[in-house]
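In what follows, a single structure is set out as structure tokens and then discussed.
The values are calculated or read from the model by the stated rules, or taken from the named source; none is laboratory data. These figures come from a predicted structure and were not determined experimentally. Because the Cβ atoms are built from the backbone with ideal geometry, glycine has one as well, and the counts that use them run over all protein chains shown. All accessible areas refer to the heavy atoms of the entire protein, side chains included, with ligands and DNA or RNA removed. Shrake-Rupley method; radii C 1.70, N 1.55, O 1.52, S 1.80 Å.
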Amino acid sequence: MRKSLLLFLFFITAANALAQNPRSTAITGIVLDPSGASTPDATVTLKRGTKEISSAKTDTSGGFRFEAPSPGNYSIEVQREGFQPSVTPVRVQDKPLAPLTINLSLAQLVSSVSVTAGAVQVSTDTAENRDSVNADQSILESVPVFDQDYVAAMSAFLDAGALGTNGPQLIINGVEATSATVTASAIQEVRINQNPYSAEFARPGRGNIEIITKDATSAYHGTLNFIFRDAVMNARDTFALVRAPEQRRIFEGAITGPVGHSKTTSFLLSGHRQEEDLQSVVFAEGLSGPIRENVASPKRDTLISLRVNHTFSSSHTVFWQYNEWDYPSFNQGVGNFVLPEAGVNQDQWEREWIFNDRMTLSPKWLLQSQLLIGWEHHATTSVTDAPKIVVQDAFTGGGAQVNLLNTERHATLNEVMSWSSGKHFVKFGLNVPDWSRRGIVNHSNFASTYFFSSLQDYAAQNPYAFRQQQGSGQVLYWQQELGGFVQDDYRFRPNLSLSFGLRYNWQNHLHDNRQFAPRLAFAYSPSKSRKTVFRGGAGIFYDRTGAGPLGDLLLYNGQTLLSYLIKNPTYPSPFINGGSLANFPTDVVQFDPSIHEPYSIQYSFGVERQLAKRTTFAVTYNGSVGISLFRSLDINAPLPPSYLVVPDPAIGVLRQVESSGRQVSNSLEITLRGDLSHHIAGLMQYTLSRTNNDTGGISWLPANQYDLSGEWSRADFDQRHRFNLLESYSPGKSFTLGLGVTVASGKPYSLTTGGDVYGTGLTNARPAGVPRNSLEGPAYADFDSRLSRDFYLNRGKKEKGRMLTVAFDAFNLFNHVNYVSYIGNLKSPFFGQAVSALPARRLQITTRFKF
């Protein structure tokens, strides 16, 4: 903590030292909405006459900046969805310019749909890379998005090799978040890979999902959506005997306006209610033959969010927000090999209070602060309490043996200061992404689980392993994470920008105090037209353990939660009827004494080209090397060559979490963004890549604990080719056609013997000489479409219009079967086959009312 505070003070001192040069001929300013709130993500264009000089997006505080143009008369044009375009004349002289304040007016609804994918011009700003994927609300509403889940739709553009232990990093309005407690109508834009080497964030841009939400406004506006699906419109699942009677209903919307007659206080109320009556498909094999059935797995999801904005002055705005999210579900985990009786029910909810303060301290200084306090409750219980029966890659029956409660009280804090002067734009700050008190009550597997390697062994009542847990299973612990950063975006020349950054991370349980992560990026245009930009960068990015492994460390310490593994037991076991397990060794989880945070070195180089006024093309090479990645080893596994005698008979499985894995990734990415014609706009991206590693994650265990030579192979997520497209075609006022296309190569999977060859209680052993992930599943192809029509309800009136949109979506339009879950177990009756498929064709009806 002391080192983090000293580092933060160093950042402030460094920035103050840089502030000694006040001279600036740059054009800077802030864009505000009618309520006086800042307007992020507006497109700001600098023109001289009719010639466009440069274009940029406003940041999260509504600020923009153009570097030192030559003296003369210019204009600043600002465009933002929902507001009237603004044009501000500017005269540039040799003396410094005062920052501009541009106030936007609300726009009337018009009878055309504007589809953009963020700013569509190449730029020498290091944060305006054209290989990013930006989709604002206009394109998200025009293309097919399943269940209006914008985050899931954009996740297809993420680079799996850039994700951390906890998956993609979610950033809402510039602040790291643990979950997307945002309704679709409150989202203004979703971004992937914006500013990939920013020191402000812990993870690489290619592993970030950034969400920009709408601000509350001073006039009443709203959006109401109703989405409906029913099985009568869907195709039958390939593995189901009959079409399941499914239905999905979503009520969603957002309303904004002034509080009473106030001109300084406004609100944004948003929420959704999702009622999902879906069914899971069981495709298994029992002693009596195939098991095929559909099982109801209903879910309910209710989210309410209220934000209140208040403007103290044109330079000081705050908002308070409360989120309440409940999402219970029933009969989850059923499907494929899992029979209905082995399902679980879940009771989950989250509550959040957010306070945000944005203050312009002077024309050069901006302070942004946000504090979040949250509560979470996640309870999972088995549908039945019977002992669990696992027949590898055939069926799982009995009870699920899951009785787990996770609670969390957490706070996050984000303090960011921005300073602009001359050729420098400096940001520095302190992040507290997680400061939480977590509780776990784990009574799972108290009634035991039997493991059989094949149906033949099950028929002979010959399990290869028996597992049961006992003890209190209760722990409380703190998860604490801190980060600090400083970054200088330096305009060295009008055609050359550099970005230098340094980030520091800290996590309480690993005691690794060396996590300094430098970042560097550049953007250079060799010609006066600046239609071609060369861009590159490199940086170090640290990972985190997440809360789950820390809970395992405290639970499985040999005292709190006793987990017993008995190999080759009798069936049924005498221990489920009161027999004592005290004479058997219990499992333990520990951290390697030398464990430290894994990190990756990311680097890239690319070229961007302006093809047309609103069309850009980018080709980028991306490389990364993952060093000291997390993985687990059973360091008490039976010793070779017999694999019968363990080093310490007093301990069962001794799972040691290490930072000893490695990963190498290389890719070539081609991105086309903007308007392909007057009526067609959107984005498309093709990626050619290869990723190899020797770990499957922090909880992953190798086949042979004493020989890792066969583990270096294709990563579990490796796909050689990936193509994603989101496009919208608007031939006129009559209708809009949206398309979403995803095509990808198959993912790898492993060939296994299906037996416990090494005496570890695992059946992931491979035949001699066969590496991990040596087999490959089929390619993936999905084609989605949307046909929508807008109806204007008060076309002839001067007041703001009301609009009704009716849309018809088809997901997997051609009903292509995308097989998944291929079985490489030689003992399985399904060897070499898929046992499930992604959803067949589904049709969806959407109605939207805007006012």
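Here are a few things to note about the model shown:
- FRET efficiency, 1/(1 + (r/R0)^6) with R0 35 Å, evaluated for ASN557 and ALA768 via beta carbons: 0.45
- Which of LEU269, TRP435, LEU550, positive extreme of dipole for the chain (C-beta unit charges): LEU269
- Modelled spin labels at ASN666 and ASN692, positioned 7 Å past Cα toward Cβ, are 1.0 nm from each other.
- Over the range 301-353, relative contact order from alpha-carbon pairs under 8 Å, at least 6 apart, %: 35
- Note on the range 192-259: semi-axes of the ellipsoid equivalent to its C-alpha gyration tensor, largest first and rounded to whole Å, are 37, 27, 7.
- Per residue value of the accessible surface for the chain (all protein chains in place, 1.4 Å probe), Å²: 41
- A dipole drawn for the range 384-459 from +1 and -1 charges on Cβ atoms has a positive end, and of HIS424, GLY399, THR412 the residue lying farthest that way is HIS424.
- Sequence ranges 316-328, 149-161, ranked by mean other-Cβ count within 10 angstrom, highest first: 149-161, 316-328
- Label-reachable residues, the range 519-548, where backbone N falls under 15 Å from a point 7 Å from TYR621's Cα toward its Cβ: 534-538
- Percent RCO, i.e. relative contact order, over the range 275-330, from Cα pairs under 8 Å lying at least 6 residues apart: 32
- Shape class of the range 145-284 from the alpha-carbon gyration tensor: oblate, with a/c at 1.5 or above and b/c at least as large as a/b.
- With the highest mean first, a sort of the peptides 231-237, 844-850 on other beta-carbon atoms found within 10 angstrom per residue produces 844-850, 231-237.
- Eligible aspartates and glutamates near LYS263 by straight Cα distance, threshold 20 Å, same-chain separation 8 or greater: ASP33, ASP215, ASP357, GLU799
- What a 1.4 Å probe finds exposed on the range 473-577 is 57% carbon and sulfur by accessible area, rounded to a whole percent.
- Loop-resident sites, the range 420-518, for trypsin sites (Lys or Arg not before Pro), counting at most 15 other Cβ within 10 Å (DSSP): ARG514
- Taken as Cα centroids, the range 746-778 and the range 465-529 sit 35 Å apart, rounded to the nearest whole angstrom.
- Relative to the longest principal axis of the Cα atoms of the chain, helix 2-18 runs at roughly 20 degrees.
- Full-stretch length increase - LYS567, TRP320 - with 0.36 nm per residue and alpha-carbon distance subtracted: 83.3 nm
- Cα-Cα over 28 Å, subset of LYS423/LYS531; LYS427/LYS613; LYS47/LYS364: LYS427/LYS613
- Using a Förster distance of 30 Å, the FRET efficiency for LEU775-PHE814 (Cβ separation, nearest 0.05): 0.65
- Virtual spin-label span in nm between ASN513 and LEU476, 7 Å along Cα→Cβ: 2.8
- Label-point separation in nm, SER75 to VAL645, each point 7 Å along Cα→Cβ: 8.8
- Backbone phi angles across the range 396-405, fed through the Karplus curve with coefficients 6.51, -1.76 and 1.60 (θ = phi - 60°), yield HN-Hα couplings of 10, x, x, x, 6, 6, 10, 9, 9, 10 Hz in residue order; Gly and Pro are listed as x.
- Within the range 556-616, trypsin sites (Lys or Arg not before Pro) in DSSP loop having at most 12 other beta-carbon neighbours inside 10 Å: LYS613
- Considering helices alone, the calculated mean residue ellipticity of the chain at 222 nm is -1500 deg cm²/dmol, with DSSP H runs of length four and up weighted by -39500 (n - 2.57) and normalised per residue.
- Full-stretch length increase - VAL743, VAL87 - with 0.36 nm per residue and alpha-carbon distance subtracted: 231.9 nm
- Sequence-distant contacts, meaning Cα pairs under 8 Å at least 6 residues apart, place the relative contact order of the chain at 10 percent.
- Listed peptides 134-142, 217-225 by packing density, highest first (mean Cβ within 10 Å): 134-142, 217-225
- 5 angstrom amide H check on VAL259, placed H, neighbours 5+ away: THR265, SER266, PHE267
- Dipole magnitude of the chain about its Cα centre (Cβ charges: Lys, Arg +1; Asp, Glu -1), debye to nearest 20: 3020
- For LEU361 and GLN590, the difference between the fully extended length at 0.36 nm per residue and the C-alpha to C-alpha distance is 77.5 nm.
- Proximal aspartates and glutamates to LYS299, defined as alpha-carbon separation beneath 13 angstrom and excluding residues fewer than eight positions away on the same chain: GLU246, GLU275, GLU276, ASP277, ASP326, ASP347
- FRET efficiency estimate (nearest 0.05) - Cβ-Cβ, THR381 to LYS531, R0 60 angstrom: 0.50
- Projecting the Cα atoms of THR43, GLY501, PRO598 onto the charge dipole of the chain, computed from C-beta unit charges around the Cα centre, puts THR43 farthest toward the positive end.
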